[in-house]
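Only one structure is covered here, and it is reproduced in the block below.
The values are calculated or read from the model by the stated rules, or taken from the named source; none is laboratory data. Remember, predicted model here, so these are calculated numbers, not experimental data. Note: ideal-geometry Cβ built from the backbone for every residue, glycine included; neighbour counts use all protein chains shown. Calculation scope for accessible area: heavy atoms of the full protein, side chains included, ligands and nucleic acids excluded. Shrake-Rupley method; radii C 1.70, N 1.55, O 1.52, S 1.80 Å.
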Amino acid sequence: MRSYQPGKMGTAEGMAIVFLLTFPTTFLTTPAVLINEAGSLGWLSALVHGLVSVVSIAAILIVCKYVPGNLFEICEQLLGKVLAWLIALYYAAAFFANYVLMLRQYAENTLLTALPSAEFSFIIVAYALVGAILVAFSLEGMARAGYIVMPFIGITLVIVFALLNPFYEVYRLAPWLSLGVGTAVFTGLKIAGINFGVAAVVILASSFQNNRTRWQIALFGVGLSAVLRAMVVFFYTLLFGVTVGREKMLPFFEMVRLVYLGRYVQRLESLFIILWVINGVLDISLSLYFGLYCLTYLGRLPTMRPLIPVVTLLLAQVAMIPEDVVSVMNDYVYVGKTYFNFGIYIVPLLLLAALVWKKRKKVKLWASG
């Protein structure tokens, strides 16, 4: 059921998993969505929903300090088997929904940017097949690939920001308060659900050495993701402004297309597509893995391997159902604001309340005895 023995997963691997489950949406439409809802303070919304995600997972990690086990084992001890089962079912559905929506978006965007003549179903199958193979090879390979890719992502973004310096116009950030700080903060709170993947830290809690390691993974994994996303939104606003920026389907791709190094060095965006695809493959692979992990827990199965081909085929078919990529993007934003938010807000509050109630009950019993 687990790719790691208890206590054997390192901080770097955990950070990579959290980062890859929360950051890759930045390469899709997230910057445009944030600008559309918060104006030129979209970068502040990115920081806010990152902070909310850290606070959310911190609440669960506080519970982990007093109750041993992974997320579902903790839920069983504090909430009972029925609620633990429902929470596991929720996370399975959430990871599978993320898999379907991200798979479709990456497939569509691959057609738009790199392979316009390819068959759509072939791209979907290719992504799904590679994802299934990575899951079959275990979480260890994906985690190690992730922390190898992470530095390249950070360095690449900084280089792109520096090369785009001639195109920046500070007045595009005006008015400085845009739609208002309150609107930007509320947007961050509303869209925090897109970071629900941070729950991977506690879903695999027993695989980490101790609670301190989990804190480090959550803080640095989500923190790095939030800071880089905020930087992308900030510099994207400097380039295109609010009016034009909210209309782009692939904000980061449009940024890279503006990079100019000389007459004989052009089309650098084709190089970044490779990095973009690697991120996408790892993201959908991890979403598939954690969805299967939750199903394995629900069925008390010894391994998830028999589920991989069946679930992959089913989800790939579901990803082909929407009519166009615009509806998929709208669905992702809607799900991020509603369904995914349950894992960010409700689950931590339930566990904290159950822990406080249990501690209070023990104190009363001790006092009466």
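Which value, in debye to the nearest 20, gives the size of the charge dipole of the chain about its Cα centre, when Lys and Arg are +1 and Asp and Glu are -1 at the Cβ? Walk me through the numbers before you get to the answer.
On the way: 25 positive and 15 negative charges, 310 e Å.
Charge dipole of the chain: 1500 debye, to the nearest 20.
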- Query: Residue by residue, what Karplus-based ³J(HN,Hα) values in Hz, rounded to whole numbers, does region 268-283 have, using 6.51, -1.76 and 1.60 with θ = phi - 60° and x for Gly and Pro?
  - Reply: 5, 4, 5, 6, 6, 4, 4, 4, 4, 5, 4, 4, x, 4, 5, 5
- region 118-211: chymotrypsin sites (Phe, Trp or Tyr not before Pro) falling in loop per DSSP and having at most 16 other Cβ within 10 Å: 137, 168, 176
- Message: Can you give me the distance in nm between label points at residue 261 and residue 339, each placed 7 Å from the Cα along the Cα-to-Cβ direction?
- Response: 4.2
- In nm, give the distance between the simple-model label positions of residue 115 and residue 86, each being 7 Å from the Cα along the Cα-to-Cβ direction. 4.3
- Query: Helix 11-22 sits at what angle to the longest principal axis of the chain, using alpha carbons and giving 0 to 90 degrees rounded to 10?
  - Reply: 60
- Message: Over the chain, what is the relative contact order in percent, taking alpha-carbon pairs closer than 8 angstrom and at least six residues apart?
- Response: 42
- Please give the length that would be gained between residue 181 and residue 167 if that part of the chain were fully extended, namely 0.36 nm times their separation in residues minus their C-alpha to C-alpha distance (nm, one decimal). 2.4 nm
- Note on the structure: Taking the dipole of region 11-363 about the Cα centre (Lys, Arg +1; Asp, Glu -1; charges at Cβ), the one of 277, 185, 213 that reaches farthest to the positive side is 213
- Note on the structure: Candidate cut points under trypsin sites (Lys or Arg not before Pro) in region 1-107, DSSP loop plus at most 14 other Cβ atoms within 10 Å of their own Cβ, are 8
- Query: Helix 181-190 versus the longest principal axis of the chain: what is the Cα-based angle in degrees, 0 to 90, to the nearest 10?
  - Reply: 60
- Message: Could you work out the pair-distance distribution P(r) of region 11-363 from its alpha-carbon pairs, with 20 angstrom bin width and percents rounded to whole numbers?
- Response: 30, 58, 12, 0
- Task: Mind telling me which of 206, 121, 40 comes out most flexible in a GNM of the chain, alpha-carbon contacts under 10 Å?
- Result: 121
- At 7 Å along the Cα-to-beta-carbon direction for both residue 227 and residue 268, put a label point, then send me their distance in nm to one decimal. 2.3
- Principal axes of region 48-88: Cα extent on each, largest first, Å: 34, 21, 12
- Message: Based on the alpha carbons, how large is the Rg to Rh ratio for region 180-269 when Rh follows Kirkwood?
- Response: 1.12
- Solvent-accessible ranking of 113, 25, largest area first, probe 1.4 Å: 113, 25
- Query: residue 70's amide H: which non-local residues (gap 5+, or another chain) put their own amide H closer than 5 Å, with H modeled 1.01 Å from N in plane and none for Pro or chain starts?
  - Reply: 206
- Name the residues whose placed amide hydrogens come within less than 5 Å of the amide hydrogen of residue 177, ignoring near sequence neighbours (fewer than 5 apart) on the same chain. none
- In order through region 321-335: 3J(HN,Hα) via Karplus (6.51 cos²θ - 1.76 cosθ + 1.60), integer Hz, x for Gly, Pro: 5, x, 6, 8, 6, 5, 5, 5, 4, 5, 5, 5, 5, 5, 5
- Message: Accessible area of region 11-363 with a 1.4 Å probe: how many percent of it is carbon plus sulfur?
- Response: 70
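Per residue, how much accessible surface does region 11-363 expose to a 1.4 Å probe? Answer in Å², no decimals.
Per residue, region 11-363 has an accessible area of 42 Å².
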- Query: For helix 81-113, what angle does its Cα long axis make with the longest principal axis of the chain, in degrees from 0 to 90 and rounded to 10?
  - Reply: 10
- Table column - 3J(HN,Hα) (Hz), region 223-236, Karplus curve with 6.51, -1.76, 1.60, x for Gly and Pro: x, 5, 4, 5, 5, 5, 5, 4, 5, 4, 5, 5, 6, 5
